[in-house]
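**Q** I'd like to ask you about the structure that follows.
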Amino acid sequence: MKYLIPILLLSLACSSPKEDNHRALVFMSDFGLEDGAVSAMKGVAFSVSGKIRIFDVTHEITPFNIYEAANRLQQVARYWPKGTVFVSIIDPGVGSARKSIVLKTKSGHYFVTPDNGTITLVADALGVEQVREIDETRNRLPGSASSYTFHGRDVYAYTGARLAAEVITFEEVGPEFKQDMVRLKIPVARINGNVLSGMIPVLDVRYGNVWTNISDSLVKEMQVKPGDKLHVTIHQDSVLRYEGDVPYAHTFDDVKVGEPLGYINSLMNFSLAINQGDFAARHQIGTGEQWKVSLSRSK
Amino acid sequence: MKYLIPILLLSLACSSPKEDNHRALVFMSDFGLEDGAVSAMKGVAFSVSGKIRIFDVTHEITPFNIYEAANRLQQVARYWPKGTVFVSIIDPGVGSARKSIVLKTKSGHYFVTPDNGTITLVADALGVEQVREIDETRNRLPGSASSYTFHGRDVYAYTGARLAAEVITFEEVGPEFKQDMVRLKIPVARINGNVLSGMIPVLDVRYGNVWTNISDSLVKEMQVKPGDKLHVTIHQDSVLRYEGDVPYAHTFDDVKVGEPLGYINSLMNFSLAINQGDFAARHQIGTGEQWKVSLSRSK
Amino acid sequence: MKYLIPILLLSLACSSPKEDNHRALVFMSDFGLEDGAVSAMKGVAFSVSGKIRIFDVTHEITPFNIYEAANRLQQVARYWPKGTVFVSIIDPGVGSARKSIVLKTKSGHYFVTPDNGTITLVADALGVEQVREIDETRNRLPGSASSYTFHGRDVYAYTGARLAAEVITFEEVGPEFKQDMVRLKIPVARINGNVLSGMIPVLDVRYGNVWTNISDSLVKEMQVKPGDKLHVTIHQDSVLRYEGDVPYAHTFDDVKVGEPLGYINSLMNFSLAINQGDFAARHQIGTGEQWKVSLSRSK
């Protein structure tokens, strides 16, 4: 009994164990790093709490490209722990009537974003637990009401930080969002007879590798194995942009420097590359729905 | 009485509450992120104390462009909490007789910088509390005395980190700086009859929006309201670079994609943009004192 | 005796003093920041422990350029404290038989890297304490075994984070690496009579300064002092690319804006620059073994 008071005090004073659990706040935007916009957002977040840990997905999303943003978020989200709060600001409709929402996924991740489709892929991959609309009367940087063009700083960074720091609960974000979220139309890869068909959502920009939406498991269904030769075509709408035979390789090192290969990328999707070269630049390959890929075994 | 000792021990051992208050150390430079210079500075800071939290404004300031740097700092500083230490290294005079100073503003922010004008705008906006000159005999990375070309690492990062970690007090930076700080000549926007005149300090680079120094309150003084049409001219010195009528819009969404607008930016200044387009690139608009903007109501 | 329990509890509960000592985890890669690869690695690291502090050297290494990477690492490592864990992923051989190793230097720094020569210069500068091979059966992100192309995320970030967070000891990385590490052939600068000869390992990219491998001490051995004139030639293989006389200056400010100079850079090596200009661009100077520099006193 006599130790009760010190133990109690101890548990009040020592918040350090809880500190371990501080959530990450992870920013993504199309702002670039040349000016101070990203820093202003982080300043707002750090002002909410000096304890939250602040990181980035990237700020180099092509301006207003929601499709690219959705893919980047999907590439990254599952590698961050449960409880991580992502703040995504690709917002061509800033200041318009578009809604501001927070998605909580079944995996326990949070996504603070304008309702414009950016979270389509993570919603599919991680499952929708609940969506809430940000109540800006409560969740907006005090004093910022006269600014209409930087919701990333005044609403999203502020709300994301308060959620990550547990200043507010998910419920306190605002009311449940009853309408349907905006969703991008995402093409699905398929097998038709002996041919696998898909498209090119993004490039592995830095190296010029071409990432398709054809999953590892579809390739396995075709019983293609490392060492097999694949016949590949790439069309931009109806125009043939590439046709060739490439080995389906386990790793880049299975082919000589300068030679093409097919492989499974870090998202477990089929991809095309040139070992230490740039497949996309060499064959002028782009991304988006109009870029179609088909695969079959070489004859 | 008998609980005194454990409670005492507890308060000695548990420094976590104070930890909340650890100051941010925020770097700005023209170094870029391609090489290791920024990382060397952060390593020096982290070696001073593993507890300070380290962030960036940007490292993409155009080399030696103090005017641009002053504007970026001004864009960002007030969004960071009181006590934040900014380390700004745009330093064309490195190794020369230029002084090294720390400004403490009335708002409680610190700016560690060469005395070259970079802090002109934050000094005006946040108020000068006191300026001290860095005493390099005490505030210099031990062992670095033979290097003359990287004061960012050897003097500024080291001093900034010691100030942020409270290893030294502001007084221990060095003696009060009695002479006048170098200040940039900053043009002021004015109303002349029916015409508002200002200039273009910086662009919102990523989107090509043109930011002027004409404040929201000057626009209000002219009784211009959202929906009104404005006649805008932009001159580079005496050459007309743009002339047109644009709606004064509340948000980008008030005009169609591809159309121009005038609006109040996130710094509460009048700006010009094309909705989802690039006004600066389209009309080849630059920045600096020679770029003059005038506004009047359209007839 | 009666205070023993609370004190014991206290020391269990209050881990904050140890927290000061948390090691930095510092990433370097050739991934760029445009996509989510760096963020996925940091997410893996943060999932290992929310306490480790995560930083970067740079992610803008020229793809697959191990020589450049070795120089950047060397530029930075010694400014980070003992115990810092560097994770370096320039990995043209990903998925091949190349080994994955961790170097512990005599200075107490750790380098997690493919065995491809990236750590040649830090091994020389900081001394080799021991090298261990990563045992991927124990040190690999759970669930990632089917991915062969992103060891940065699945092996290196994961192992580096576990080492930085002290989840594993250095010994638990894997068995001692008994064979010789891959080492780059690094040319050495020399004095021949009145001529100092060296090469150009890297540029100070942002400013176009040309950094040589000729050390400050070699220059001193030639008894060259600030104010002396130096005759400089630069050859690319046998082709003369630059020949001129430059003052050996203490700082940039010793010459007029636009004029060339020789000086000692922040790594204490002889370098060439134009004050506020771009020496490398002006004279089209590159880097690598084939770029040779010679210095002598001007006549």
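**Q** Look at segment B:79-103 and say how many of its residues are out of contact with any helix residue (DSSP H, G or I) (no Cβ under 7 Å at 6 or more places or on another chain) and surrounded by fewer than 23 Cβ atoms within 10 Å (Cβ to Cβ).
**A** Total meeting the criteria: 7.
**Q** Which residues, counting only those in segment C:119-165, are out of contact with any strand residue (DSSP E or B) (no Cβ under 7 Å at 6 or more places or on another chain) and closer than 21 Å to residue C:74 by Cβ?
**A** Of everything in segment C:119-165, those that are out of contact with any strand residue (DSSP E or B) (no Cβ under 7 Å at 6 or more places or on another chain) and closer than 21 Å to residue C:74 by Cβ turn out to be C:120, C:121, C:124, C:125.
**Q** Could you tell me whether any residue of segment B:186-202 is at pLDDT below 95, open to solvent by 80 Å² or more (accessible area, probe 1.4 Å) and part of a loop (DSSP other than H, G, I, E, B)?
**A** yes
**Q** Filter segment A:166-185 down to residues that are open to solvent by 20 Å² or more (accessible area, probe 1.4 Å) and in a loop (DSSP other than H, G, I, E, B), then give me how many there are.
**A** 12
**Q** Out of all the residues in segment C:281-297, is one or more in contact (Cβ under 8 Å) with a residue 60 or more places away in the chain, under 22 Å from residue B:64 (Cβ atoms) and hydrophobic (A, V, I, L, M, F, W, C)?
**A** yes
**Q** So, residue C:256, is that one of a type in the set (Lys, Arg), open to solvent by 30 Å² or more (accessible area, probe 1.4 Å) and modelled with pLDDT of 90 or more or not? Please lay out each step first, then the result.
**A** Numbers: of a type in the set (Lys, Arg): yes; open to solvent by 30 Å² or more (accessible area, probe 1.4 Å): yes; modelled with pLDDT of 90 or more: yes.
Yes.
**Q** Then there's this: Do we find that residue C:161 is more than 22 Å from residue C:52 (Cα to Cα) and aliphatic (A, V, I, L, M) in this structure?
**A** no
**Q** While we're looking at this one, here's another question. Filter segment C:76-112 for residues that are outside any loop (DSSP other than H, G, I, E, B) and within 13 Å of chain A (Cβ to nearest Cβ) and give the result.
**A** C:89
**Q** For residues that are out of contact with any Pro (no Cβ under 9 Å at 6 or more places or on another chain) and not β-branched (Val, Ile, Thr), tally how many sit in segment A:225-244.
**A** 10
**Q** Given C:43, C:95, C:50, C:108, which one is over 21 Å from the mean Cα position of the chain (by Cα) and at pLDDT 95 or above?
**A** When all the criteria are applied, what remains is C:43.
**Q** If you don't mind, another one. Could you count how many residues in segment A:43-70 are at the interface with chain B (Cβ under 7 Å from one of its Cβ atoms), farther than 26 Å from residue B:276 by Cβ and not hydrophobic (A, V, I, L, M, F, W, C)?
**A** The number of residues fulfilling the criteria is 4.
**Q** Out of the residues in segment B:203-227 that are under 20 Å from residue B:298 (Cβ atoms) and of a type in the set (Asp, Glu), which is least open to solvent (accessible area, probe 1.4 Å)?
**A** B:216
**Q** Any chance you could count how many residues in segment B:265-294 are within 14 Å of chain A (Cβ to nearest Cβ) and open to solvent by 20 Å² or more (accessible area, probe 1.4 Å)?
**A** Result for segment B:265-294: 8.
**Q** Would you mention how many residues in segment C:192-225 are within 10 Å of chain B (Cβ to nearest Cβ) and touching a strand residue (DSSP E or B) at 6+ places or on another chain (Cβ under 8 Å)?
**A** 8
To keep it simple, each residue is scored yes or no on (1) under 27 Å from the mean Cα position of the chain (by Cα); (2) farther than 30 Å from residue C:141 by Cα.
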site: A:212; (1), (2): yes, no
site: A:220; (1), (2): yes, no
site: A:231; (1), (2): no, yes
site: A:236; (1), (2): yes, yes
site: A:261; (1), (2): yes, no
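**Q** Moving on to the next point. Those residues that are part of a loop (DSSP other than H, G, I, E, B) and more than 17 Å from residue C:273 (Cα to Cα), I need them from segment C:226-252; list them, please. Write out each step before concluding.
**A** To start, the set of residues in segment C:226-252 that are part of a loop (DSSP other than H, G, I, E, B) comprises C:226-228, C:237-238, C:249-251.
Residues satisfying the conditions are C:237, C:238.
The values are calculated or read from the model by the stated rules, or taken from the named source; none is laboratory data. Remember, it's a predicted structure, so these values are computed and weren't measured experimentally. Counting neighbours? That spans all protein chains shown, and the Cβs are built from the backbone with ideal geometry, glycine included. SASA here: full protein model, heavy atoms, side chains in, ligands and nucleic acids out. Shrake-Rupley method; radii C 1.70, N 1.55, O 1.52, S 1.80 Å.
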